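Contents: one structure, followed by commentary.
A short reminder: the numbers here are calculations on the coordinates, not readings from a lab. Just so we're clear, the structure is a prediction, and the values are computed from it rather than from any experiment. Backbone-built Cβ (ideal geometry, glycine too); neighbour counts: all protein chains shown.
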Amino acid sequence: MLLVGWERKMKVSKNETPFITDVEELRSRARKSINNGAITPAYQADVKQTIEILQSVLATEIVCILRYTMNAVAAAGISSDSVKEEFDEHAKEEQGHARAVAERINQLGGKPNFNPEGLASRSASQYVDAGNLIDMIKENLIAERIACEHYRELIRFFGDKDSTTRVMMEGILANEEEHANDMHDLLVAHEGNPMLPDHS
Ligand SMILES: [Fe+2]
Ligand SMILES: [Fe+2]
């Protein structure tokens, strides 16, 4: 898949130390659970596949909690207080997402996987130890954009097959879109130029 404008820009602008190693790799990993799942008319098989997909969403949310919490603690520098607050707020909301997804896995008869072992490989977003405030904001923006794209795909996938899971994911997606927007606003406030294309 071709990289969209802002992603290409990120890769090029920091080519010596890219913020993320490979967006496509993250996406293909995120999609694997959809493409590999055996879609059969058997109800049990669908539930199994849904649980598998939700385990990956849970891992993504846990990584988001960790990243925002670490960022809230590590953020330093001029006018970092408001950014810290924002990171903290997002960490709490990601925790709400993780909890909702875990509850849904449980409802479906699965056991939510909170095992730290293999967490990064189950997640669609990456845990990156960003050095400064701007890099932290950029990393979070990238992670949110990946989560939004992945969740949109999952919403289409669940469609009418599992409307409860779909509605839950729609709620989470709306919140992730707010997060991406918050990070973008912070970036503009701290760096002065927008990273996303201007559609106005
Ligand atoms: Fe989230
Ligand atoms: Fe988020």
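For residue 175, indicate whether it is assigned to a helix (DSSP H, G or I) and surrounded by fewer than 20 Cβ atoms within 10 Å (Cβ to Cβ). For residue 175, the condition - assigned to a helix (DSSP H, G or I) and surrounded by fewer than 20 Cβ atoms within 10 Å (Cβ to Cβ) - is met. The criterion of at least 3 residues that are hydrophobic (A, V, I, L, M, F, W, C) and crowded, with 19+ Cβ neighbours inside 10 Å is met by the following helices (runs of 4 or more DSSP H) wholly inside the stretch 40-146: 43-74, 81-107.
Just one of the listed residues (102, 147, 174) is among the aliphatic types (A, V, I, L, M), within 16 Å of ligand 1 (Cβ to nearest atom), without any contact (Cβ under 8 Å) to a residue 12 or more places away in the chain and within 20 Å of residue 62 (Cα to Cα), namely 174.
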